[in-house]
Amino acid sequence: MLSKQQEKLLKSVQKPARYTGGEVNSVVKDKSKIKFRYAFCFPDDYEIGMSHLGMKILYSLVNAREDSWCERVFAPWDDMEQLMRENNVLLYGLESGDNIKDFDMIGFTLQYEMSYTNILNMLDLAGLPVRSVDRKDLTPLVVAGGPCACNPEPISAFVDLFMLGEGEEVTNELIDLLIKHKEMGSSKEQFLEEAAQIQGVYVPAFYNVNYNEDGTIKEVINTHNAPKTVKKRVISDLNNVFYPDKFVVPFIDIVHDRAVSEIFRGCIRGCRFCQAGFIYRPIREKSSDVANKQSKALCESTGYDEISLCSLSTSDYSEIDKLIPKMFDWALKKSINVSLPSLRVDNFSDELMEELQKVRRSGLTFAPEAGTQRLRDAINKNVTEGEVIRTAEKAFKGGWTAVKLYFMMGLPTETLEDLKGIAELAQTVVNTYYQNPDRIKGKSVAVSISVASFVPKPFTPFQWEPQDTKEMLEEKQKYLLECVKPYKKIQYSYHESQTSFLEGVFARGDRKLCDVIESAWRKGCKFDSWDEFFDFSKWQEAFSECGVQPEFYANRKREFNEILPWDMFDYGIRRKFLEEENIKAHKSETTPNCREKCSACGANMLNGGKCDAKR
Amino acid sequence: MQSVRIFFEKVGLAKYISHLDLMRCFSRAIKRADIDIWYTEGYNPHPFMTFSLPLSLGTESFCESVDMRINGEMPFEELKERLNATLPTGIKITSVSAPLHKADEICFAEFEITINTANTEAVSSAVQSRINADEILVEKKAKQGKKKVLKEVNIKDSIKSFNTVVLKDRVLLKTVLAAGINGNINPSLLIDAVTKDVRDDIESIDIIKKKMLLSDMTEFI
């Protein structure tokens, strides 16, 4: 429920339903029976945050506890923020309308680096100091988790503790511990000392980082009995881990407005550029029966007319051929569309294609990632041109006329030859369309290529690689544009290189960036992933005022013996394995996928030696 | 197949659900209630639903209606109960019936408008002098070819009736305005026009749509 003062603002903002709460399946509890209040914050707008599966899982998980109440909080859009500041309305939880500064715990999910300034902005809108040291009380405790927590150093001054890895178990453990310490009347430090003993919990205040003269890390000293290495959490059994049977159903149109069924975690592929392919290991699958049951329950409770399977590579799910018919069995009767994102080109079976044709079809998307076989081998994207063409052929025969191809630019070892290959591969796909005798006459083909700038990420074989500079990328973009020009059926779009540069800085940054982020935020930076807000000049000012060279983080090649800011975390992947993969990349040597042959990355050790890649 | 007209209220925070979002909201509530409604049979089948008149964002209503077709038969009372169990807070089915009038027979809508103000006398007299003038000019969005333009129009003739009641901390306006396909007046346009001179005195304004009326001023059912 909103107060009069809060509601008044809604009359003059765009999309007021972002701020009302009250959606179907949102959870309202009796405050007097609650011991623990949690504000789960997504540092971007409602439409993006509400599309995020992790939030849905943890929201329901905490609300399944009788003693706790979890509410959702999103970054208010600019118009709402202004009104809030003018009228002294503080950031509130959508379910209760209560100010989140009075909650016990405030949690942020770190999905992408460009959302960091929004975290500061949201803390400030909540009426809290942005720096951890300035928040003296035990509550509200500010925590964060998610993929970017694998190198949280650039925001380590603002967050009291980070949760590494999967959140289902550690969230409950933290809540129990915080309730205990609240009842004991402990200080924040007393609580943090005990919290640091929980596996997966990283308390940045308990680690002192010393630097060499060249700015690299000399040593990290753990204090307060905190472990030298923090090991990420994994859920061992996906069939029995909590999964929500309800999603909050938004009123307004959000980015992914559908039910989502998670089918497995981890990825067997080992593409060397892909952070998700490493940090979510080992592979753990859900059985098709469990996934089917959960899917059906979600559709019934939400009324959605679409359900999407969620994983890193849907067609690698070992029970995909069992699951699809099971789901179609009830979904088609109820006019529910089943969508399968993240299909890989190389194992797109005829049967699967046939099944897919039963439902409404949208465009088809493939990600060859690189233009030549040599570079695809270097990044270990084990897809050949022949496979891309064969899949396109199948798709065109199946009636598709729009194909989207994803590529990356600025990959390690890349040459102009590889960029030219992008245009040529796309044109080969166009030619494939016209070679199909059964194509619909008079209908043209649309092949679009989307080219992102490669950003090296922690815990990948490319974590030591220099990122291409802005100038290099701009030149390459121009060159590719020239290559594409003669081909009329190809649409080319690319990613802004300044955003990629900053993303690269934060992805592999250290603690010295905390000052930069705070300074940029004070200059007005927020929603940095949005073109209409992103202001690179403010960031440049912030870097120079703080005496920090961003190129040091983005464009510098690291040696294997350098201590990296995230070396104190154990994500299961052996560092030596990543080094070997890096060396192989430079020799354009591939590594077989985990199902063909185990490469002993080490991640199975997090799960008692179990990995579902081998079944 | 059974054609039904569903009357519902849209009050409280549900007034911030836009017209487009409301259609989605209903089709999901229908799915959750496991009601077998008729889908259009085109290339892209979707649940068939027609709302009588769109309600502007931020306006509450006691008299919204939506028509749909049910495959098979379902008692009106059961339909009402099942939908009420799955609709969000603020949207409540008040009655279900077989449609009697056509939606394009709607000519008027009755609104109750509450102006919250400390200065009730000043607001009331300012409103009255505006309403009694020969012309009430408002800016309306219009299209000139493909271009969107603002047009000034006189809406005086679209006001069927207008009463003012002064209470302790608010001014109540009851008005019947032209509605439907033969000219539709958004009450907030009218309110903006008649409160022009006293804007600073006004704390907030609440608008509730109370009735949809036919040309003979009987209710649309």
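Give me A:I217, A:I279 ranked fewest to most by other Cβ atoms within 10 Å of their Cβ, as a rough exposure proxy. Walk me through the numbers on the way to the answer.
Details: A:I217 18, A:I279 24.
Final ranking by Cβ density, sparse to dense: A:I217, A:I279.
In angstroms, what radius of gyration and Dmax does chain A have, counting Cα atoms only?
Rg and Dmax of chain A, Cα atoms, are 24.4, 77 Å.
If you plug each phi of the stretch A:470-478 into the Karplus form 6.51 cos²θ - 1.76 cosθ + 1.60 with θ = phi - 60°, what whole-Hz ³J(HN,Hα) values come out, in order, with x for Gly and Pro?
Computed from phi, the couplings for the stretch A:470-478 are 3, 5, 4, 5, 5, 5, 5, 4, 4 Hz.
With a bin width of 5 angstrom, please list the P(r) values of the stretch A:458-581 as percents of all Cα-Cα pairs, from the 0 bin to the one holding the largest distance.
Distribution as computed: 2, 9, 17, 17, 16, 14, 12, 8, 4, 1, 0 percent.
What percent of all Cα-Cα pairs in the stretch A:1-75 falls into each 10 Å bin, going from 0 up to the bin containing the maximum distance?
17, 47, 31, 5
Taking every alpha carbon pair in the stretch A:220-338, what does the distance histogram look like in 10 angstrom bins from 0, in percent?
12, 36, 30, 14, 7, 2, 0
Roughly speaking, what is the stretch gain from A:N239 to A:K4, that is 0.36 nm per residue apart minus the C-alpha to C-alpha distance, in nm to one decimal? Numbers along the way, then the final one.
Working: separation 235, 0.36 × 235 = 84.60 nm, distance 4.52 nm.
Once the chain is fully extended between A:N239 and A:K4, it gains 80.1 nm.
Just the projected area, averaged over all directions, of the convex hull on the alpha carbon atoms of chain B: how many nm²? Walk me through the intermediate numbers first.
Working: hull surface 57.1 nm².
Spelled out: convex hull of the Cα atoms, projected over all directions, averaged, 14.3 nm².
Tell me the relative contact order for chain A as a rounded percent, counting alpha carbon contacts under 8 Å between residues six or more apart. Provide the component values of the computation, followed by the final result.
Details: 1130 pairs, mean separation 87.4, N = 615.
Relative contact order here is 14 percent.
Can you sort B:C25, A:C601 so the residue with the fewest Cβ neighbours within 10 Å comes first? Before the final figure, lay out each step's value.
Working: B:C25 25, A:C601 22.
Ranked by crowding around the Cβ, least crowded first: A:C601, B:C25.
Please report the antiparallel percentage of the DSSP beta bridges confined to chain A, to the nearest 5. Walk me through the numbers on the way to the answer.
On the way: 12 of 58 bridges.
Expressed as a percentage, antiparallel bridges in chain A total about 20.
What nm value, rounded to one decimal, do you get for the distance between A:K576 and B:D200 when each label is placed 7 Å out toward the C-beta?
Placing both labels 7 Å along Cα→Cβ, they lie 7.8 nm apart.
Working only with C-alpha atoms, what are the Rg and Dmax values of the stretch B:105-213, expressed in angstrom?
Computed over the Cα atoms of the stretch B:105-213, radius of gyration and Dmax are 14.4, 49 Å.
Averaging sequence separations of C-alpha pairs under 8 Å and six or more residues apart, then dividing by the length of the stretch B:1-110, give the relative contact order as a whole percent.
Numbers: 177 pairs, mean separation 49.3, N = 110.
After rounding, I find 45 percent.
Would you grab the residues whose amide H sits under 5 Å from the one on A:N337? Only those 5+ places off in sequence or on another chain, please, with H modelled 1.01 Å from N.
Correct list: A:E306, A:I307.
Rounded, prolate or oblate: which fits the stretch A:23-146 when a ≥ b ≥ c are the square roots of the eigenvalues of the alpha-carbon gyration tensor, with rounded for a/c under 1.5 and prolate only if a/b beats b/c? Could the numbers behind the result be given before it?
On the way: a/c = 1.34, a/b = 1.20, b/c = 1.12.
Here the stretch A:23-146 falls in the rounded category.
If you take the beta carbon distance between B:V149 and A:K322 as r and set R0 to 60 Å, what does 1/(1 + (r/R0)^6) give as a FRET efficiency, to the nearest 0.05?
Numbers: r = 59 Å, r/R0 = 0.98.
Working from the Cβ atoms, E equals 0.55.
If amide hydrogens are placed 1.01 Å from N in the peptide plane, which non-local residues have theirs closer than 5 Å to the one on A:A226?
Long-range HN contacts for A:A226: none found.
Amide H to amide H under 5 Å from A:Y494: which residues, 5+ apart in sequence or cross-chain, H placed 1.01 Å off N in plane?
HN-HN under 5 Å from A:Y494: A:V451.
Give me the log10 of I(q) over I(0) for the stretch A:154-199 at q = 0.19, 0.34 Å⁻¹, as the Debye formula computes it from C-alpha points; what are the numbers?
-0.63, -1.26
Is the C-alpha gyration tensor of the stretch A:414-466 telling us rounded, prolate or oblate? Criteria: a/c under 1.5 is rounded; beyond that, a/b larger than b/c is prolate, otherwise oblate.
Because a/c hits 1.5 or more and a/b exceeds b/c, the stretch A:414-466 counts as prolate.
Counting other beta carbons within 10 Å of each Cβ, put B:T218, A:T372 in order, fewest first.
Values: B:T218 10, A:T372 21.
Ascending Cβ contact count within 10 Å gives the list B:T218, A:T372.
Within the stretch B:69-174, list the GluC sites (Glu not before Pro) lying in a DSSP loop whose Cβ has at most 16 other Cβ atoms in a 10 Å radius.
Working: sites: B:E73, B:E77, B:E78, B:E81, B:E105, B:E110, B:E112, B:E121, B:E135, B:E139, B:E152; in loops: B:E73, B:E135.
Those that pass, being in a loop and sparsely packed, are B:E73, B:E135.
Just need the Rg to Rh number for the stretch A:4-218, please, alpha carbons only, Kirkwood Rh.
Working: Rg = 17.2 Å, Rh = 17.8 Å.
In the stretch A:4-218, Rg relative to Rh is 0.97.
Report, as a whole number in µm² per second, the diffusion coefficient that Stokes-Einstein gives for the stretch B:2-99 at 37 °C and 0.692 mPa s using the Kirkwood radius over alpha carbon pairs.
The estimated diffusion coefficient comes to 242 µm²/s.
At a threshold of 8 angstrom on Cα-Cα distance, excluding pairs fewer than six apart, so keeping six or more, what relative contact order does the stretch A:373-440 reach in percent? List each step's numbers first, then the result.
On the way: 31 pairs, mean separation 31.3, N = 68.
Reported as a whole number, the value is 46 percent.
Only the coordinates and a few stated rules stand behind these numbers; no lab work does. Please read all numbers here as calculations on a predicted model, not as lab measurements. Cβ: placed from backbone, ideal geometry, glycine included. Neighbour counts: every protein chain shown.
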